[in-house]
């Protein structure tokens, strides 16, 4: 997708509506840059459709499409390939549960035993069918992650930093409470890209339970944060977006992207979120739109999430399928805080892709967890002038008085002070037997 074309299309449709009064990481990078032109196009089209739902009944219904540089028409998407920033097969690392004095090297804890862990799981206070396999928290949080340093494949105006530079620039740090911070550069004005952070676990997994406890996520016009998992060969090994959104959105969007053959039933299983976009999850058949589910909770993303002290996101991948849960700070299940998770007691997930229509071990393999924050890019820039999305009832263009996302971000560093992650922990569990 090319943002100017998408914005031109959006402007034209809005005008008609008004008349009607209605990277160590470089090895794998080459495998995935061919997807860069498609990435994150689906999110834009879904948002345009949502924003235009208020059109006059006299206007014919329209399906928004965007034409990419290859001439292919598609609906708009998710993130760059997860193997950008991954370790080669067989070199997946581990992270010790014991606090370390510093996080000066992204390769700390590396092991030749894929999926192994030196972390000794604490004795749970209750029974659970899950055992702790990997934990990132406290002073050792950044041990066992790779810092991606390539250009952002989603066309964001960021430069991802290596670990020593990110730490010396105060873009990464550990708070006195033991929480990990990942920031965006807030220099008042820049002429090019702003420094940012993207990290990928060296540990990889096939199935499991991923818990991410955060007190703050990036928010504000121009931001595009995500916490997600991905396999080494996109889209054959799948992508699971657990936390994602742009600008001032308040409702999380969880999405999967796969090879052909994976679908989300239109009469979906029990989940609290709403389907947005396609029910065909095949990335290459839907312009990488994937199968998205928007949370019903208006404090599951952005400033609203931060205002309630954040909470816990959980992604469960087992024989029943893929599911994503969200628990705000005052509603975190006691079994999670006890270190003995019992997903069967959690109630409805935010999103669910059942195994009956998408075999989770066929379409997803060898995933690692990823944090990133980009600025503008295909999605956040593409909906800069859009309104009608929860949290963005007024467009960022109207709110800031600046015509483009890029101009705003480059000239208003102070507006990015809330564009940071504060993470208490990431824990990856495996079946106990």
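Just so you know, all these numbers are worked out from the coordinates, no wet-lab data involved. Since we're looking at a predicted model, the values are computed, not measured. In this analysis, Cβ positions are derived from the backbone assuming ideal geometry, glycine residues included, and neighbour counts consider all displayed protein chains.
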In segment 134-265, how does Rg compare with the Kirkwood Rh, expressed as the Rg/Rh ratio over alpha carbon atoms? 0.96
Once the Cα gyration tensor of segment 125-168 is found, what semi-axes does its equivalent ellipsoid get, as square roots of 5 times the eigenvalues, in whole Å, sorted largest first? 32, 15, 8
Beyond 24 Å, how much of the Cα-Cα pair distribution for segment 316-414 remains, as a whole percent? 53
If the chain between residue 298 and residue 169 were fully stretched, how many nm would it gain, using 0.36 nm times the residue separation less the Cα-Cα distance? 43.1 nm
Relative contact order for segment 251-378: what percent, with Cα pairs under 8 Å and sequence separation of 6 or more? 27
Short to long, in 10 Å steps from zero, the percent of alpha-carbon pairs of segment 240-322 per bin is 18, 47, 29, 6
Quick check: the distance between the Cα centres of segment 360-421 and segment 242-311, to the nearest angstrom? 15
Treat the count of other C-beta atoms within 10 Å as a stand-in for reagent exposure and order 264, 171, 284 from fewest to most. 284, 171, 264
Students often get this wrong: which residues of segment 333-376 have the backbone nitrogen under 14 Å from the point 7 angstrom along Cα-to-C-beta of residue 320? 341-356
Just want the ordering: 210, 402, from fewest to most Cβ atoms lying within 10 Å of their own Cβ. 402, 210
Ranked 216, 257, 367, criterion: other C-beta atoms within 10 Å, fewest first: 216, 367, 257
Determine the gain in length on full extension of the stretch residue 139-residue 330; use 0.36 nm per residue of separation and subtract their C-alpha separation, reporting nm with one decimal. 66.2 nm
Okay, which of segment 381-417 sit inside 17 Å, backbone N to the point 7 Å along the Cα-Cβ direction of residue 191? 407, 410-412
At 1.306 mPa s and 10 °C, Stokes D of segment 370-409 from Kirkwood alpha-carbon radius, µm² per second: 150
